[in-house]
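Structure record follows, encoded as structure tokens.
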Amino acid sequence: MAVIQKYGKNYSPDLVCHKENHPLDKIGVAGCHKKWPEHNSNWPRPVARVWMVVLLLGTCLLYCARVAMPICAVSMAEQFSWSKRESGMVLGSFFWGYCFTQVFGGYVSDRVGGEKVLLLSAAAWGSMTAFTPLLAHFCSQPILSMTLARFLMGLLQGVHYPSLASLCSQKVVESERGFLMSTVGSGSYLGTLVIGGAGSLMLDVYGWESVFYVSGLLSVLWAYCMWKYLLKGEGKGCFSCVNSICVILCCYLVPAYLYTWSQCPLVAVIVTHLCTASTFFTLLSWLPTFFKDTYPDAKGWVFNVIPWLVAIPSSLFSGCLSDHLITQGFDTASVRKLMQFFSMGVSSVFTLLLCGNTTFPWTVAFVSATMGLTTFSHSGVSVNVQDLAPSCAGALFGVMNTCGAFSGVLMVYFSGYLIEATGSWASVFALITTVNLLGLCTFLGFAEARRVDIDSSKVRHHNIHI
């Protein structure tokens, strides 16, 4: 095994090539062995910038397709005579599907390349979105067809973020990962804004079907352009990806990463992401209700738009700041902790301020500050997984997102119970602050940036000065 080690503040080896046989390099059935291709060459900066814009647009379209159903839910409920419980069943089925493909999507991305998984999944969930109105109209039980469609949407979209993490860890240098991931991550806020504005207009003018048709077809078009111009029409590579996925499905066992998963920094990353995701899902789910209960006469477009307008530049700024600090020679682990401190620590201050009696403008300002600072996690815990285990970053991010999705659903339900039991929103904001501080303390105490996906006892270190 040839290793080049840079001696910096992290004192961690950067692997250039692996010539040692590894159990994960071979997988097959009935004695068939397949060696996975190497994906370790980094993109040149101009290529990385092109991919960043493409992935930003893809994430934006991902959220356009995801949020289409919540926007159209009221109109669909009126047309198909759904009760609140039935509407909730349709909306909630997405998250149950979303949980199941996180780990698998990251695992496959680590093996065959995240760009191929992104391409295939986008073509699939884009098509599913476009066909949703047809399924609703031509099925005798629309409630069942829509519940199943949303569950499948969750399954197909669940691979997106683990694939991004895997792709970034394999193709982007450490000093540029923060900006790329924060920029791509801001696509979620941009997509929510776009579908919230344009989707509402299409809903009023052309009907709810148009929202699904447009968002779905644009997603399929994005996948086609990515295949045609970035992957250069590599049809054979995509068929190879499908074949590899089928092989893994036949032999899908627990990966031989026992050494990796036992590391404290990885446990800290999972716990911190779990806390971050659960508090974000809670705010995302309950803030509109909070504003309606507290300020009945307030305009919905104000509190539904302004916080997301703040979140986009905040996410971009955090990425630029983290990459600049690392480029200036600051310790990578310290930079990740600083970003997470803003995301979970400073944001909690503004969350607590919501417990008091404030005017509507100040409440919007506090919520905007909270959501803006929360985006700093794109340059903290979300990127830290790529520092720790670039060889299996996709699978690890899948574990993180699965835990975050499950905990988010539970915390949303528990928050509703607190509101009914106490009659006060202060209990919910106190819960969010407590969970944030728990995750922050875990990250500050145990997070590192050294690689843990290799066994240092089996690595010969060569002092090569670069």
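The values are calculated or read from the model by the stated rules, or taken from the named source; none is laboratory data. No experiment lies behind these values; they were computed from the predicted model shown. When we count neighbours, we look across all protein chains shown, and the Cβ atoms used for this are built from the backbone with ideal geometry, even at glycine. Heavy atoms of the whole protein, side chains included, go into the accessibility calculation; ligands, DNA and RNA do not. Shrake-Rupley method; radii C 1.70, N 1.55, O 1.52, S 1.80 Å.
Please work out which residue is nearest to MET400 (Cα to Cα), limiting yourself to segment 336-350 and to residues that are touching a helix residue (DSSP H, G or I) at 6+ places or on another chain (Cβ under 6 Å) and surrounded by fewer than 24 Cβ atoms within 10 Å (Cβ to Cβ).
Taking segment 336-350 as the starting set, the residues that turn out to be touching a helix residue (DSSP H, G or I) at 6+ places or on another chain (Cβ under 6 Å) are 336-337, 339-340, 342-348, 350.
Then keep just the ones that are surrounded by fewer than 24 Cβ atoms within 10 Å (Cβ to Cβ); that gives 337, 342, 345-346, 348, 350.
Values: LYS337: 17, PHE342: 20, GLY345: 20, VAL346: 23, SER348: 22, PHE350: 26 Å.
Per the criteria, the residue is LYS337.
Where the second residue is in a helix (DSSP H, G or I) and of a type in the set (D, E, K, R) and the first is in contact (Cβ under 8 Å) with a residue 40 or more places away in the chain and lies in segment 274-295, which pairs have Cβ atoms under 6 Å and are six or more apart or on separate chains?
none
Please indicate, with yes or no, whether at least one residue in segment 361-370 is surrounded by 24 or more Cβ atoms within 10 Å (Cβ to Cβ) and assigned to a helix (DSSP H, G or I). Steps first, please.
To start, the set of residues in segment 361-370 that are surrounded by 24 or more Cβ atoms within 10 Å (Cβ to Cβ) comprises 370.
Still in the list and also assigned to a helix (DSSP H, G or I): 370.
Yes, because at least one residue in segment 361-370 is surrounded by 24 or more Cβ atoms within 10 Å (Cβ to Cβ) and assigned to a helix (DSSP H, G or I).
State which residue is nearest to ALA77 (Cα to Cα) when the search covers only segment 223-251 and only residues that are modelled with pLDDT of 90 or more and open to solvent by less than 20 Å² (accessible area, probe 1.4 Å).
ALA223
So which residues in segment 69-83 are within 28 Å of the chain's Cα centre (by Cα) and small (Gly, Ala, Ser), if there are any at all?
Hit for segment 69-83 is ALA73, nothing else.
Restricting attention to segment 379-405, and to residues there that are more than 14 Å from the chain's Cα centre (by Cα) and at pLDDT below 85, which single residue is most open to solvent (accessible area, probe 1.4 Å)? Don't jump to the end; show me each part of the working.
Here is the first cut: in segment 379-405, the ones more than 14 Å from the chain's Cα centre (by Cα) are 387-392.
Still in the list and also at pLDDT below 85: 389-392.
On the way: ALA389: 0, PRO390: 23, SER391: 47, CYS392: 1 Å².
Here the answer is SER391.
Name the single residue that is modelled with the highest pLDDT among those in segment 252-293 being surrounded by fewer than 16 Cβ atoms within 10 Å (Cβ to Cβ) and within 25 Å of SER424 (Cα to Cα).
Step one: of segment 252-293, the residues surrounded by fewer than 16 Cβ atoms within 10 Å (Cβ to Cβ) are 252-254, 256, 258-259, 262, 264, 267, 284, 288-289, 292-293.
In the following step, the residues that additionally are within 25 Å of SER424 (Cα to Cα) were identified as 284, 288-289, 292-293.
Numbers: LEU284: 77, PRO288: 77, THR289: 74, LYS292: 77, ASP293: 82.
Top of the filtered list is ASP293.
Check ALA122, ALA136 and return the single one that is touching a Phe, Trp or Tyr at 6+ places or on another chain (Cβ under 7 Å) and either in a helix (DSSP H, G or I) or charged (D, E, K, R) (or both).
Values: ALA136 fails: touching a Phe, Trp or Tyr at 6+ places or on another chain (Cβ under 7 Å).
Only one candidate passes the filter, namely ALA122.
Quick one: in segment 406-417, which of the residues that are under 17 Å from MET89 (Cα atoms) and small (Gly, Ala, Ser) is surrounded by the fewest Cβ atoms within 10 Å (Cβ to Cβ)?
GLY416
Looking only at segment 88-109, decide whether some residue is buried (at least 19 other Cβ atoms within 10 Å of the Cβ), of a type outside the set (Val, Ile, Thr) and over 16 Å from TYR161 (Cα atoms).
Looking through segment 88-109, at least one residue is buried (at least 19 other Cβ atoms within 10 Å of the Cβ), of a type outside the set (Val, Ile, Thr) and over 16 Å from TYR161 (Cα atoms).
Here's the yes/no breakdown for (1) open to solvent by less than 20 Å² (accessible area, probe 1.4 Å); (2) out of contact with any Gly (no Cβ under 7 Å at 6 or more places or on another chain); (3) not small (Gly, Ala, Ser):
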residue: PRO44; (1), (2), (3): no, yes, yes
residue: VAL53; (1), (2), (3): no, yes, yes
residue: THR59; (1), (2), (3): yes, no, yes
residue: ALA68; (1), (2), (3): yes, no, no
residue: ALA73; (1), (2), (3): yes, yes, no
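Identify all residues within segment 354-370 that are in contact with a helix residue (DSSP H, G or I) (Cβ under 6 Å, 6 or more places away or on another chain) and not aromatic (Phe, Trp, Tyr); write none if there are none. Show your work before the answer.
Step one: list which residues in segment 354-370 are in contact with a helix residue (DSSP H, G or I) (Cβ under 6 Å, 6 or more places away or on another chain), which gives 354-355, 364, 366-370.
Matches in segment 354-370: LEU354, CYS355, VAL364, VAL367, SER368, ALA369, THR370.
Kindly provide the set of residues from segment 172-191 that are among the β-branched types (Val, Ile, Thr) and surrounded by 24 or more Cβ atoms within 10 Å (Cβ to Cβ), ordered by number. Break it down stepwise before answering.
Here is the first cut: in segment 172-191, the residues among the β-branched types (Val, Ile, Thr) are 172-173, 183-184.
Within segment 172-191, VAL184 is the sole residue that qualifies.
Of the residues GLU448, GLU420, which single one is surrounded by fewer than 18 Cβ atoms within 10 Å (Cβ to Cβ) and either not polar (S, T, N, Q) or not in a helix (DSSP H, G or I) (or both)?
Numbers: GLU448 fails: surrounded by fewer than 18 Cβ atoms within 10 Å (Cβ to Cβ).
Testing whether each residue is surrounded by fewer than 18 Cβ atoms within 10 Å (Cβ to Cβ) and either not polar (S, T, N, Q) or not in a helix (DSSP H, G or I) (or both) leaves just GLU420.
In this structure, does SER140 turn out to be at pLDDT below 90 and open to solvent by 10 Å² or more (accessible area, probe 1.4 Å)? Give the steps one after another, and end with the answer.
Values: at pLDDT below 90: yes; open to solvent by 10 Å² or more (accessible area, probe 1.4 Å): yes.
Considered against the rule, which asks whether it is at pLDDT below 90 and open to solvent by 10 Å² or more (accessible area, probe 1.4 Å), SER140 comes out as yes.
So, in segment 299-316, of the ones that are more than 21 Å from SER347 (Cα to Cα) and in a helix (DSSP H, G or I), which residue ends up most open to solvent (accessible area, probe 1.4 Å)?
Start the filter on segment 299-316 by keeping residues that are more than 21 Å from SER347 (Cα to Cα), which leaves 299-301.
If we keep only those that are in a helix (DSSP H, G or I) as well, we get 300-301.
Working: GLY300: 23, TRP301: 170 Å².
Checked segment 299-316; the qualifying residue most open to solvent (accessible area, probe 1.4 Å) is TRP301.
Quick check on PRO296: is it under 20 Å from GLY423 (Cα atoms), at pLDDT below 95 and not in a helix (DSSP H, G or I)? Break it down into steps so the answer makes sense when it comes.
On the way: under 20 Å from GLY423 (Cα atoms): yes; at pLDDT below 95: yes; not in a helix (DSSP H, G or I): yes.
Criteria met by PRO296.
Pairs needed: first member in segment 326-343, over 23 Å from THR374 (Cβ atoms); second member anywhere, assigned to a helix (DSSP H, G or I) and open to solvent by 20 Å² or more (accessible area, probe 1.4 Å); C-beta distance under 8 Å; at least 6 residues apart or different chains.
These pairs meet every condition: THR327/SER175.
This table checks each residue for (1) outside any helix (DSSP H, G or I); (2) in contact with a helix residue (DSSP H, G or I) (Cβ under 8 Å, 6 or more places away or on another chain); (3) not basic (Lys, Arg).
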position: GLY58; (1), (2), (3): no, yes, yes
position: ARG66; (1), (2), (3): no, yes, no
position: TRP82; (1), (2), (3): yes, yes, yes
position: PHE94; (1), (2), (3): no, yes, yes
position: LYS116; (1), (2), (3): no, yes, no
position: GLY126; (1), (2), (3): no, yes, yes
position: THR132; (1), (2), (3): no, yes, yes
position: LEU144; (1), (2), (3): no, no, yes
